[in-house]
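Comments concern the structure below.
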């Protein structure tokens, strides 16, 4: 049954079908069905409790809504584009179940506060899922770090070998990024955990409603204190989209590294077949497609943020139809980041790390040049002078085709008499990494401390 338009009394003619389809949102806002019914259940309980409608009417509406919720969860609800949006569809379906008393449900509310309430409920639910999944991803990184404290690899700047580092240090850097992401999403919950219901169209209502009651029934911390702000605020979605964009950027950076590490040139890691695909023409190929997809999907999440910022940038208070464009990007970003976090965690949990290959890649390079400079400085030579000496020696070695660890002791002592036989130990990658135990450094003791800090953080965050 098609419900009468909630706004139809003012109009003499109906929209043409193609215009109606352009203005309708049911194609995408049906994702809010569960939350729309939850909000309506709280609203009708409040209407009955405050005497705005009779208890008998409230109980009838509540029973009908509970039936609709059961039908929704069973996949039985069918929505009609002629009913425009999820709110009018639910009201139409409710009217089919319980008759005209269903029309009393909309007393003291508007679709403006109703849709805002739905989105607050949806996003609050989503944010808890995101934080939970990020906890799993962060735990995965800590587990990897724990396993690879003494796995040595090249550290890079400008994509050039810089200094040898612990692979655990590399993983913990991403742990810290995702921890900040988790904190941002957790803070986002504060701005989402607010009830707009009862603000009505924009100015509140003359009915003796109890907004605190509906807020409590829906599990919000409190209601909005300004009705204009309640129906027009989309900051909580913008904050989510911004946080999602930063998260995707972090995941994309790690995926870029995984993609490189899988290549023939690196051979640092091998991904599980579960997260790889092949080629239709080249039988040897094993492509890191899932990592590439996360990297690629980062762009669409950025686009959703820019899209809503652009929608909001010149909207006068309060509600405008432009705000219908606030949902698809939110849904898309939520679905994208939730699955991307799981995919990335799965890739990391199942990938094989080639320790020997990583270590070998630090031996035929000049990433130990800083060790020689530090060695000279530790024996009293000013570091700037030591830096110049080592730079000239690297140039000499590059021209001759060998490395610092290949330089004979006699040549070292020609350069400086303070260099002794212990220089070769100092130049070993394992030694270079193990000695860097300054706060936050890549030294093995420092890494063990960082892992302990991460474990304590994770233990505390699981209580959120």
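The values are calculated or read from the model by the stated rules, or taken from the named source; none is laboratory data. Everything quoted here is computed from the prediction, not taken from an experiment. In this analysis, Cβ positions are derived from the backbone assuming ideal geometry, glycine residues included, and neighbour counts consider all displayed protein chains.
In the condition set (1) touching a residue at least 40 places away in the same chain (Cβ under 8 Å); (2) over 30 Å from residue 166 (Cα atoms); (3) in a helix (DSSP H, G or I), residue 103 is compliant with all but (1).
Restricting the range 253-265 to residues that are touching a residue at least 24 places away in the same chain (Cβ under 8 Å) and crowded, with 22+ Cβ neighbours inside 10 Å leaves a set whose member that is farthest from the chain's Cα centre (by Cα) is 258. Within the bounds of the range 326-340, is there any residue that is in the same structural domain as residue 269 (by TED's automatic domain parsing), out of contact with any strand residue (DSSP E or B) (no Cβ under 8 Å at 6 or more places or on another chain) and not in a helix (DSSP H, G or I)? The answer is no, given that none of the residues of the range 326-340 is in the same structural domain as residue 269 (by TED's automatic domain parsing), out of contact with any strand residue (DSSP E or B) (no Cβ under 8 Å at 6 or more places or on another chain) and not in a helix (DSSP H, G or I).
Residues in the range 395-412: is at least one in contact with a helix residue (DSSP H, G or I) (Cβ under 7 Å, 6 or more places away or on another chain), without any contact (Cβ under 8 Å) to a residue 12 or more places away in the chain and over 27 Å from residue 261 (Cα atoms)? Checking the range 395-412: at least one residue is in contact with a helix residue (DSSP H, G or I) (Cβ under 7 Å, 6 or more places away or on another chain), without any contact (Cβ under 8 Å) to a residue 12 or more places away in the chain and over 27 Å from residue 261 (Cα atoms). Evaluation of residue 28 against the conditions (1) at pLDDT 95 or above; (2) surrounded by fewer than 20 Cβ atoms within 10 Å (Cβ to Cβ); (3) under 23 Å from residue 329 (Cβ atoms) shows that the sole unmet condition is (1). Out of the range 356-376, which residues are over 23 Å from residue 413 (Cβ atoms) and in contact with a strand residue (DSSP E or B) (Cβ under 8 Å, 6 or more places away or on another chain)? Once the filter is applied, which keeps residues that are over 23 Å from residue 413 (Cβ atoms) and in contact with a strand residue (DSSP E or B) (Cβ under 8 Å, 6 or more places away or on another chain), the range 356-376 yields 358, 359, 361, 362, 365, 367. Taking the listed residues 190, 114, 139, the one that is under 30 Å from residue 34 (Cβ atoms) and under 16 Å from the mean Cα position of the chain (by Cα) is 139, with no other qualifying. Note on the range 371-384: residues that are in a helix (DSSP H, G or I), over 44 Å from the mean Cα position of the chain (by Cα) and surrounded by 13 or more Cβ atoms within 10 Å (Cβ to Cβ) amount to 2.
Within the range 400-426, the residues that satisfy the criterion of being under 48 Å from the mean Cα position of the chain (by Cα) and part of a helix (DSSP H, G or I) are 404, 405, 406, 423, 424, 425, 426. Between 116, 74, the distinction of being at negative phi and crowded, with 23+ Cβ neighbours inside 10 Å belongs to 116 only. Given the options 323, 317, 305, 338, name the one that is in contact with a helix residue (DSSP H, G or I) (Cβ under 9 Å, 6 or more places away or on another chain), under 30 Å from residue 203 (Cα atoms) and surrounded by fewer than 19 Cβ atoms within 10 Å (Cβ to Cβ). Only one candidate qualifies: 317.
Just one of 209, 237 is outside the structural domain of residue 327 (by TED's automatic domain parsing), in contact (Cβ under 8 Å) with a residue 12 or more places away in the chain and either part of a helix (DSSP H, G or I) or more than 21 Å from residue 308 (Cβ to Cβ) (or both); which is it? From the options 209, 237, the qualifying one is 209.
One residue stands out among those in the range 220-234 that are assigned to a loop (DSSP other than H, G, I, E, B) and free of Cβ contacts under 8 Å to residues at least 60 places away in the same chain: the one that is nearest to residue 123 (Cα to Cα), which is 221.
Candidates 298, 274: the one that is in a helix (DSSP H, G or I), modelled with pLDDT under 95 and in contact with a helix residue (DSSP H, G or I) (Cβ under 9 Å, 6 or more places away or on another chain) is 274.
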